[in-house]
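Report on one structure; see the data block that follows.
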Amino acid sequence: MKKRESVRHIMATNPVVLHLNDGLGEAEKLFKEHRVRHLPVVSGSKIVGILSMTDLARISFVDSYDPHDFTIDTSVYSLFTLEQIMVRNPKSIPDTTTIKEVGKIFLNAEFHALPVVDKHNNLQGIVTTTDLIQYLVEMY
């Protein structure tokens, strides 16, 4: 295991994103279509927020919670905007962060995804706890 290996090795590049003016229906569609649990929210190429499947489920009565096949009462979508539901200005990390540093962040965090940005805060990718666990499993 390389001690100084960059997060670039395990992050998802070209992540599926939401744009600030997208609706919650679009978010649900992307979650299901791409089988992801976190969507960075961008304005242009700058990260401005992040939405998790759990955030979307919290605003509605969820009939059943299966990460890839959940049913939400979509009538609530007209009551909220993406900006109201997303986590604004999420913690993000530079693409030079090491995998070890990512692990330390997740150990002390209550979130499971980190947007990866360049020095201009442009989204480069996303890394999740699942990416980290998969990396560790492959190492052993």
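Derivation of every value follows stated rules applied to the coordinates shown; laboratory data play no part. Everything numeric in this text was worked out from a predicted model, so none of it was measured.
Remark on V42: its backbone amide H falls under 5 Å from those of L18, H19, L20, V48, a criterion applied only to residues 5 or more positions apart or on other chains, H modelled at 1.01 Å from N.
Note on the chain: with a GNM built from Cα contacts shorter than 10 Å, the maximum mean-square fluctuation among E83, E26, E110 falls on E110. Each part gets one Cα centre, and for the stretch 81-98 versus the stretch 9-43 those centres are 12 Å apart.
Debye sum, Cα scatterers, the stretch 7-139, no solvent: what log₁₀ I/I(0) at q = 0.10, 0.14, 0.19 1/Å? For the stretch 7-139, the Cα-only Debye profile gives -0.32, -0.62, -1.08.
For the stretch 69-140, the relative contact order is 24 percent, taking Cα pairs closer than 8 Å that sit 6 or more residues apart in sequence and dividing their mean separation by the residue count. Axis of helix 24-34 versus longest Cα principal axis of the chain: the two differ by about 50°, to the nearest ten degrees.
Rounded to the nearest Hz, the phi-derived 3J(HN,Hα) couplings of the stretch 36-43 under the Karplus curve 6.51 cos²θ - 1.76 cosθ + 1.60 (θ = phi - 60°) are 10, 10, 9, 10, x, 10, 10, 10, where x marks glycine and proline. Here's how it looks for G125: its modeled amide H is under 5 Å from those of V116, which are all 5 or more places away or on a different chain.
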